[in-house]
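Engineer: I'd like to ask some things about the structure below.
The values are calculated or read from the model by the stated rules, or taken from the named source; none is laboratory data. Keep in mind that what you see is a predicted model, and the values were worked out from it rather than measured. Note that each Cβ is placed from the backbone with ideal geometry, even for glycine, and that neighbours are counted across all protein chains shown. All accessible areas refer to the heavy atoms of the entire protein, side chains included, with ligands and DNA or RNA removed. Shrake-Rupley method; radii C 1.70, N 1.55, O 1.52, S 1.80 Å.
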Amino acid sequence: MKVLICGGGCAGPSLAFWLSRSGHDVTIVERLPNLRASGAQIDLRGQGIEVVRRMGLLEKVREKRVNEAGVEFVDRNGSVIAGVMANTSGQGAQSLTSEYEIMRGDLVNILYGATKDNVKYIFGTAVESFEQDDEKVTIHFSNGQTDTFDILVGADGQGSRIRKAILPPDAPDPCHRLGVHAAYWIVPRDETDSNMRKSYLSPGRRWIMRRTHNSTETQAYFIVRDDSPEVSSLHRAPIDTQKGFWKQRFSDAGWQSKRFIDGMDTASNFYSHEAIQVYLDEWYKNRVVLLGDAAYCLSFFSGMGTTGALIGAYILAGEINKSPNDPTQAFVSYQKQMTPFVEGARSIVPTMVKLSLLDSQWAINLLLFVFKLITRLRILELATKFSTDEKGDFKMPDYSDA
């Protein structure tokens, strides 16, 4: 089939990998002028690692891994309260740090390298509009061109324009806002940075993280819990306005907040966004289907966004190959196969939000005491080694015969 994928992040090229390998004619259209090879540190977990292994790309991912040894929770002065190391045993579940931490840009480049010879990429162009019937989807591009495809895939993120186009005008907003906002940027590495991720909880529902991914750079993260509509609209404001909000909100947060605020001024890769979850009754309409965050955004609190994108791409391609003459049946089966994973990964988020972003210092102290006790008794370490990294009862389907 002739397939158009809208979005050149992780989900779109992953789907293109599987479809092009099966002989389909695949085009990826990306509105940015070049590859979306930026972004912060992400990780692969559970079945996401298995998908990459089936793609034959696990060794390439290993070569680009970030050497993050574990996570340490620190107090206002930077003293370590508790910590947990990554599970590198090759058995059991990943801990708070995955064995497969990688910069988003590196993973995007790996996927691009694996698909560029068999997939057509069109940069600097967007899907302006489209119409569909029982036989085809007619696409009108922002460059004025028009073409027809058998299938259109919206892999264009949590703010998906493809999703908006297939929903009825009176449909409820599928984006469930968690009241959580995050910003991240890169600052110069200094002598206090190491390959241990540092995590600091501050009163006022604030959280600061620091992750170091190479010998010269460090990632800074500010996370805050705020339900106000004003903060939700912040991420559409000019960059200077966004930075002003984060500076003001974290000016008295403690630990290395001043260092990170100072580094914000010269950071060219600053990014601010809201944590949402996407809930849809159906991830498709006729010959148009959604993938990854466009269909079932889990939010960054789940830690499973990239893994969910990779699994979804694998399943969607497998179901398309099983029902090449009936896209609707393929899409129905794709959603049915994928839903248990999505529900399992999404369900942990409300608890994570409540535990991570606390109002008072005494609540933070209590949480850290419990976590310190758990780590001292090696409960978390043993739990990861002797448990499965699969979510709930979800099992990866096998499409080797499709």
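Engineer: Out of all DSSP beta bridges in the chain, what portion is antiparallel? Express it as a percent rounded to 5.
Structural biologist: 70
Engineer: Over the alpha-carbon set of the chain, work out the extent along each principal axis and list the three values in angstrom, largest first.
Structural biologist: The Cα atoms of the chain stretch 63, 47, 39 Å along the principal axes, largest first.
Engineer: Can you work out the FRET efficiency for the pair residue 133 and residue 32, with r the C-beta to C-beta distance and R0 = 25 Å, to the nearest 0.05?
Structural biologist: The calculated FRET efficiency here is 0.25.
Engineer: Ok, one more. Taking all protein chains as present, what is the carbon and sulfur share of the accessible area of the chain, in % to the nearest whole number, probe 1.4 Å?
Structural biologist: The computed percentage sits at 49.
Engineer: How large is the accessible surface per residue of the chain, computed with a 1.4 Å probe and reported in Å² as a whole number? Can you show the working numbers first?
Structural biologist: Details: 18150 Å² over 402 residues.
For the chain, the solvent-accessible area averages 45 Å² per residue.
Engineer: Then there is this: GNM, the chain, Cα, under 10 Å: largest mean-square fluctuation among 48, 292, 124?
Structural biologist: Maximum fluctuation in the GNM of the chain, among the listed residues, is at 124.
Engineer: Residue 352 to residue 123: extension gain in nm, 0.36 nm per residue of separation minus the Cα-Cα distance?
Structural biologist: 78.7 nm
Engineer: Once the convex hull of the C-alpha atoms of the stretch 211-319 is built, how many Å³ does it hold per residue, rounded to a whole number?
Structural biologist: 162
Engineer: Under 19 Å from a label point 7 Å along Cα→Cβ of residue 268: give me every residue in the stretch 162-199 with its amide N that close.
Structural biologist: 184-189
Engineer: Using the structure shown, list the pairs from 243/285; 60/164; 247/354; 64/258; 60/395; 120/164 with a Cα-Cα distance above 29 Å, or answer none.
Structural biologist: Among 243/285; 60/164; 247/354; 64/258; 60/395; 120/164, the Cα-Cα distance tops 29 Å for 243/285; 60/164; 64/258.
Engineer: Oh, and also: List residues of the stretch 98-135, by number, whose backbone nitrogen lies under 18 Å from a label position 7 Å along Cα→C-beta of residue 148.
Structural biologist: Counting only backbone N, you get 129-135.
Engineer: Here's a follow-up. Working only with C-alpha atoms, what are the Rg and Dmax values of the stretch 1-139, expressed in angstrom?
Structural biologist: Calculated on Cα positions, Rg and Dmax stand at 18.8, 64 Å.
Engineer: Any number yet on Rg/Rh for the stretch 285-346, C-alpha, Kirkwood?
Structural biologist: On the way: Rg = 11.6 Å, Rh = 11.7 Å.
Taking Rg over the Kirkwood Rh, I get 0.98.
Engineer: Now for a separate question. Which of 346, 177, 197 ends up with the largest GNM mean-square fluctuation for the chain, with Cα atoms connected below 10 Å?
Structural biologist: Highest fluctuation among the options: 177.
Engineer: Let me ask something else. Of the listed peptides 315-327, 203-215, 148-160, what is their order by residue-averaged count of other C-beta atoms within 10 Å, with the highest listed first?
Structural biologist: Ranked by mean Cβ neighbours within 10 Å, highest first: 148-160, 315-327, 203-215.
Engineer: Right, here's the next one. For the chain, what's the relative contact order in percent, using C-alpha pairs closer than 8 Å and at least 6 residues apart?
Structural biologist: Values: 797 pairs, mean separation 90.5, N = 402.
Here the relative contact order equals 23 percent.
Engineer: Tell me the net charge near residue 40. Cut-off is 9 Å between Cβ atoms, residue 40 excluded, with +1 for each Lys or Arg and -1 for each Asp or Glu.
Structural biologist: +2
Engineer: When the chain is modelled as a GNM with alpha-carbon springs shorter than 10 Å, which of 195, 67, 34 fluctuates the most?
Structural biologist: Residue with maximal mean-square fluctuation among 195, 67, 34: 34.
Engineer: With +1 on each Lys and Arg Cβ and -1 on each Asp and Glu Cβ, how big is the dipole of the chain about its Cα centre, in debye rounded to the nearest 20? Intermediate results must be reported in sequence, preceding the final value.
Structural biologist: Values: 46 positive and 48 negative charges, 212 e Å.
The dipole of the chain has a size of about 1020 debye.
Engineer: Give me the one-decimal nm value for the distance between modelled label points at residue 164 and residue 241, 7 Å along each residue's Cα-to-Cβ direction.
Structural biologist: Inter-label distance under the simple model: 1.7 nm.
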